[in-house]
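Step one of this worksheet: look at the structure below.
The values are calculated or read from the model by the stated rules, or taken from the named source; none is laboratory data. Please read these numbers as outputs of a predicted model, since none were measured by experiment. Counting neighbours? That spans all protein chains shown, and the Cβs are built from the backbone with ideal geometry, glycine included. The protein model used for the area step is the full one, side chains on, heavy atoms only, and it has no ligands, DNA or RNA in it. Shrake-Rupley method; radii C 1.70, N 1.55, O 1.52, S 1.80 Å.
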Amino acid sequence: MEQTLDLTPFTMALREAFPEQVAFCGIQGSYGRGEAGPDSDVDLVVILEEAGARELERYRALIASMPFAKRACGFVCARRALAVWPKFDALQLLLDTKPLYGELSPLLPPMGPEDIALASAAAASMVYHAACHAFLFQGPAEDWLPALSKAVFFALRLERYRRTGTYLPRRQTLREALSPAERALLEPVGPPAGYCAALMDWAQKVMEDAGKP
């Protein structure tokens, strides 16, 4: 059953702790997608005018006072740093963040098709490396398959967005839109070696296609 979380008290406390400094606040991850479970991380995105030592200490204390403190994680950044963030990485931040306060897109550098292609290729390259490394060096499949499957989910979302222009954040919605071959990558079955080899083959093709003019 989907878990919900009222983050209004956090947003209000954040703005009180950082008067006139909060440029944006949002939620990512399973809570942002509406797929959270009882143990899901609370993946927050906070953009401040400044993010120095004093701001980090203050934010850490604020998070420690929240009822979800032990599950809190996320991204904290100074506004000026975000404005020059690599576009292929900033794209994922934009697509995956649900606003709680403010707007994120005006704070980010403008992005075009070439940035989307680079983002997809970068995600595919991480899948390629992770699949090979996990099978060779990380022991039994049950120890690494969940994390690898999560990376594949992210990469499949970006690649479909590159091809179609439509972003599907939720796993079930994405699953229904994928081809049978891609769906098999999202839901691993069969011997781990075969699954990892299939991921590496898929990732190579994505990198090849994304690199075409």
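What the table below lists for this structure:
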{"quantity": "Accessible solvent surface per residue of the chain, calculated while the other protein chains remain in place, 1.4 angstrom probe, Å²", "calculated": "54"}
{"quantity": "Long-range amide H partners of Ala23 with built H, under 5 Å", "calculated": "Ile47, Leu48, Glu49"}
{"quantity": "For the stretch 66-138, convex hull volume per residue from C-alpha positions, Å³", "calculated": "134"}
{"quantity": "Charge tally in the Cβ shell below 13 Å around Ala203, where Lys, Arg are +1 and Asp, Glu are -1, Ala203 excluded", "calculated": "-4"}
{"quantity": "Accessible surface of the chain, 1.4 Å probe, proportion on carbon and sulfur as whole %", "calculated": "57"}
{"quantity": "Magnitude of the charge dipole, the chain, Cβ model with Lys/Arg +1 and Asp/Glu -1, debye to 20", "calculated": "180"}
{"quantity": "Over the chain, relative contact order from alpha-carbon pairs under 8 Å, at least 6 apart, %", "calculated": "19"}
{"quantity": "Distance between modelled label sites at Val84 and Ala53, nm, 7 Å Cα→Cβ extension", "calculated": "2.2"}
{"quantity": "Rounded if a/c under 1.5, otherwise prolate or oblate - the stretch 38-103, Cα gyration tensor axes", "calculated": "oblate"}
{"quantity": "Top positive-direction residue, dipole computed over the chain with Cβ charges, set Phe10, Gly165, Tyr101", "calculated": "Gly165"}
{"quantity": "Phi to ³J(HN,Hα) by Karplus 6.51 cos²θ - 1.76 cosθ + 1.60 over the stretch 188-205, Hz, x for Gly, Pro", "calculated": "x, 9, x, x, x, 4, x, 5, 5, 5, 5, 5, 5, 5, 4, 4, 4, 5"}
{"quantity": "Cα centroid of the stretch 150-213 to Cα centroid of the stretch 83-125, whole Å", "calculated": "19"}
{"quantity": "Antiparallel %, DSSP beta bridges [both residues in the chain], to 5", "calculated": "55"}
{"quantity": "Counted charge near Pro9, where neighbours are those whose Cβ lies closer than 14 Å (Asp, Glu -1; Lys, Arg +1)", "calculated": "-1"}
{"quantity": "14 Å beta-carbon shell around Met126, net charge (K/R +1, D/E -1)", "calculated": "0"}
{"quantity": "Label point 7 Å beyond Cα of Lys212 along Cβ direction - residues of the stretch 113-143 with amide nitrogen under 20 Å", "calculated": "113-125"}
{"quantity": "Cross-link partners of Lys70 among aspartates and glutamates (Cα-Cα below 18 Å; sequence separation of 8 or more within a chain)", "calculated": "Asp6, Asp39, Asp41, Asp43, Glu57"}
{"quantity": "Spacing of the two label points (7 Å from each Cα toward its C-beta) at Ser149 and Met111, in nm", "calculated": "2.7"}
{"quantity": "Tail beyond 22 Å, pair distance distribution of the stretch 74-192 (Cα, percent)", "calculated": "42"}
{"quantity": "Inter-label distance, nm, simple model (7 Å from Cα along the C-beta direction), Gln3/Leu186", "calculated": "2.3"}
{"quantity": "Per-q log10 I(q)/I(0), the stretch 36-76, q = 0.14, 0.20, 0.24, 0.32 Å⁻¹ (Debye; single scatterer per alpha-carbon; no solvent)", "calculated": "-0.34, -0.63, -0.84, -1.18"}
